[in-house]
Amino acid sequence: MSKIVSVFNQKGGVGKTTTVINLCAALGKLNKKILLIDVDPQGNSTSGLGVNKKDLKYSIYDVFINGVPMADIIVDTSAQGVSLAPANVELAGAEIEMIKIEERELILKKTILQFNNTYDFMFIDCPPSLGLLSINALTASNSVIIPIQCEYYALEGVSQLVDTIKLVKKSLNPELEIQGVILSMFDGRTNLSIQVVDEVKKYFRGKVYSTVIPRNVRLAEAPSYGISVLDYDLKSKGAEAYQELAEEFLSWIEEEF
Ligand code: ADP
Ligand code: MG
């Protein structure tokens, strides 16, 4: 069975998309079969893996609104082993259009059930909001990865985020768990980063990956070439960190069984 993981934090710019792209790419290189589902109207995961948002015949919008089967929208990416359900700006209006659909929280869950044996992992890149798209993602998932940026106010909004996860767990998806928390954009030269790591570890006791993602310019550059940081500069600090994270992610999952 596939494990379905949402990468979620309602704050923008915390490293969700960077994490999804590069964690998927690292797992793909470890011979895992991955489906990345882009549920953010910005479509940064889509373009970041070399898929042209303007050339799409169908996108995740058509799955949500027009009943197009997920299988019909999936495309290959530049990353080995990683397939993609792409998104583009069309998705921006979807939350309003979804209001007229019955069981609108369950659309994604219903449509990805058929892939349970096709992929080892499905990762969902969530938009920076607590709306219906994120609710769909959380309802369809077994677990959540939360990236947190090592910055001032890192924990601001986190209680709201955790409340949202609890609410979905209670009302829509009883099995939903926090898979792990990833500290991103760490700068070891600043006391602030080190302080944030301590605070987050206290808050999410035992749930924080020991792999910390450093601030690394290669991670910011790679998406403009439509490739993961592993294909852009395998020896960079960013590539090393995401490879290490992939190993740690897999070892935590093995411990669950
Ligand atoms: P989100 O998806 O949460 O909005 P992104 O992953 O798009 O966040 O990251 C926001 C910006 O920060 C992007 O421009 C991205 O390239 C950059 N970025 C993310 N992680 C890192 C990092 N570890 N080092 C340097 N830049 C990063
Ligand atoms: Mg993003």
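Rule-based calculations on the coordinates, nothing more; no lab input. Everything quoted here is computed from the prediction, not taken from an experiment. Please note: Cβ atoms are built from the backbone with ideal geometry, for glycine as well, and neighbour counts cover all protein chains shown.
Ordering 41, 27, 64 by the projection of their Cα atoms onto the charge dipole of the range 19-68, which places +1 on the Cβ of Lys and Arg and -1 on the Cβ of Asp and Glu, puts 27 at the extreme positive end. With bins 5 Å wide beginning at 0, the percent of Cα pairs of the range 3-256 falling in each bin runs 1, 6, 14, 19, 21, 18, 12, 6, 2, 0, 0.
What Kirkwood hydrodynamic radius do you get for the range 68-154 when you take the inverse of the mean 1/r over all pairs of distinct Cα atoms, in Å?
Details: mean 1/r = 0.0676 Å⁻¹.
Radius from the Kirkwood sum: 14.8 Å.
Of all aspartates and glutamates in the structure, the ones whose alpha carbon falls short of 16 Å from that of residue 235, not counting any fewer than 8 places away in one chain, are 221, 244.
Going by average Cβ neighbours within 10 Å, how do the peptides 37-49, 61-73 rank, with the highest at the top?
On the way: 37-49: 25.3, 61-73: 16.8.
Result, highest mean first: 37-49, 61-73.
Need one number: convex hull volume per residue for the range 45-85, Cα atoms only, in Å³.
Working: hull volume 2.6 nm³, N = 41.
Output value, Cα hull per residue: 63 Å³.
Mean-square fluctuations from a GNM of the chain, with a 10 angstrom spring cutoff on Cα atoms, peak among 58, 203, 153 at 153. Here the chain is assigned +1 on the Cβ of each Lys and Arg and -1 on the Cβ of each Asp and Glu. Its dipole about the Cα centre then comes out at about 200 debye.
If we sort 163-173, 6-16, 218-228 on the protection proxy, mean other Cβ atoms within 10 Å, highest first, what's the order?
In decreasing order of mean packing, 163-173, 6-16, 218-228 become 6-16, 218-228, 163-173.
Using bins of 5 Å that start at zero, the share of Cα-Cα pairs per bin across the range 143-221 amounts to 3, 15, 24, 22, 16, 11, 6, 3, 0, in whole %. Over the range 1-124, the ratio between the Cα radius of gyration and 2.2 N^0.38 Å evaluates to 0.99. The alpha carbon convex hull volume per residue for the range 206-252 rounds to 75 Å³. The C-alpha radius of gyration of the range 115-257, expressed as a fraction of 2.2 N^0.38 Å, stands at 1.10.
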